[in-house]
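What follows is a set of notes on a single structure, which appears directly below.
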Amino acid sequence: FGTNLEETVIRSRILDTLRQQEDLIHLRVDQLDGLASLCEVIDLQPGSTIERSSYRLGFSLAGQAEAALVDRDGNVRPPVQLSARGEVLYPEDADLDGDRSPVLRLRLATTARQPVKLALWSGRPVAGFLEVVRRKKRVSSSPDISPMSTSSENRARSPSMRLAVLSDDKVGALRKVVVFRTLAPDQLHRLAEALEVKKMKPGQIVFNQGEKGQEFYIIHTGLLEVSIDGRKVRTLGMGDYVGERALLFDGPRTATVKVVEDCELWMMDLDDFNQAVQGPILEYMKARIGLQNTKIDLNSLTCLRVIGRGGFGVVKMVQSKTSDTRYALKCVSKKQAVEQKQQKALAHERNILAELDHPFIIKFVRSFNSPRHVYFLTELVTGGELLDALDALGLLQAPQAQFYSASIILALEFLHERRIAYLDLKGENCLIDQHGYLKIIDFGVAERITDGRIYAVKGTPLFMAPEVILGKGQTTSERKHGWRQTCEDFMVGSFPFGDDQAGNAE
């Protein structure tokens, strides 16, 4: 799309329209970006006609146009009006890839006098996605529905989309996997070439607990469920990876992985894995997997000291009796949680934490349950809060500020790709580990964005965007406001908005 203002505005308009489509509502940010990048932007001049074969998707960016399908026998179907109000064109019953596929004919509407700008998708890259939509509509639509309808009521929901499986796409997806982000481009390309595509249906088993592991999987599309001893522990989605424990430690699978949504998995065997993943990346993976000790239980932990207190309980530093690994154990009083009606919030926090694996987000290990408490076991971060470091060191200079602000952006980007809005970004929720890296904590008020916008008013008022406080709802975009407030705090020592009202919640 380029970098000038007009191209930036066009890209924003395309993404906004895609986000509003029922068929695309469950797509993550990177999936929408991928779809937008395949778009052809057309300038339709007065008096001109443009034709495209094997079209997939289209809408007007500015102005009003008329679209009609012309079959190979020359028959013209009833035209559809496209305007910047948001009508979206879908092919519902066309043979998109056959020799008899119809041609899309575009021209200005009879009332239009100015050029029209259109966004159009054609060719194979989005064929899989539109085929799902087309197949579902054929089952549910009535005989009087136009073969080229723009009504959202006639479009079936589709939870995911399959983009073309090209080498460049694989390299891009590998960059989304945290442990591969620092690989050199040539390493990524070699890794992409080694991946094999494996498609699986809901209910199928990727691998069973106890069997010997020989393969590592990256999830391209779909959802997987991970269970240990019959108990569900997490759900994994696009960009996540599974099976690395057996490859790293040459042992049996410690969990069963089952498909819960149509999946396309990219599989790498042990030999290719060992050739591609070496050095610091391998050590990082081993350290992260070492935290995920599935056999640890509450009785195998020794309390060393209390390191924090909150509204529901305390956070303790604990140590494993068998491995000497140290963890943080958050102890939540059930009585207090019930009194403040926070049972669902605790379960929600646990489920979100269990799905996250990012260097700048606190690593969740597992949860425990006792008659009086619920426990969250996480990695131990010993450097204290970012704000405490600022109190000792003073305001950050430009290089340090860039480092920590970029770290927060990377963590937020990771969350937004999974349609998770972190609603309480502030310095108190940013810890520093022993190497000086940032870790975001406290996901008690994080929310999943399932319908395009959430209306929860949660978090710290000083860090909330105006749209949130006014009850207009929010997407992931409003998180930029909290990020700016946080950055101003550790760079300037004051807030750009509301600094004189910091102690006034109202």
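The values are calculated or read from the model by the stated rules, or taken from the named source; none is laboratory data. The shown structure was predicted, so the numbers you read here are calculated from the model rather than taken from an experiment. Cβ placement follows ideal geometry from the backbone for every residue including glycine, while neighbour counts extend to all protein chains displayed.
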Practice task
Looking for whichever is in contact with a strand residue (DSSP E or B) (Cβ under 6 Å, 6 or more places away or on another chain) and not hydroxyl-bearing (Ser, Thr, Tyr) here; the options are 279, 237. Which one fits?
Solution key: 237
Exercise for the section: Restrict the check to segment 371-387 and report whether at least one residue is at negative phi, part of a helix (DSSP H, G or I) and of a type outside the set (Gly, Ala, Ser). Expected result: yes
Completion exercise
Across (1) within 30 Å of residue 24 (Cβ to Cβ); (2) at pLDDT below 80, residue 502 clears everything bar (1)
Handout entry: Subset of segment 276-294 [in contact (Cβ under 8 Å) with a residue 24 or more places away in the chain and either among the small types (Gly, Ala, Ser) or outside any loop (DSSP other than H, G, I, E, B) (or both)]
Key = 276, 280, 281, 282, 284, 285, 286, 288, 289, 290, 291
Exercise for the section: With the condition kept exactly as written, say whether any residue in segment 324-345 is within 27 Å of the chain's Cα centre (by Cα) and free of Cβ contacts under 8 Å to residues at least 24 places away in the same chain. Expected result: yes
Practice task
Sort through 283, 215, 261, 225 and tell me the only one that's over 24 Å from the mean Cα position of the chain (by Cα), closer than 27 Å to residue 413 by Cβ and not assigned by TED's automatic domain parsing to the domain that holds residue 414.
Solution key: 283
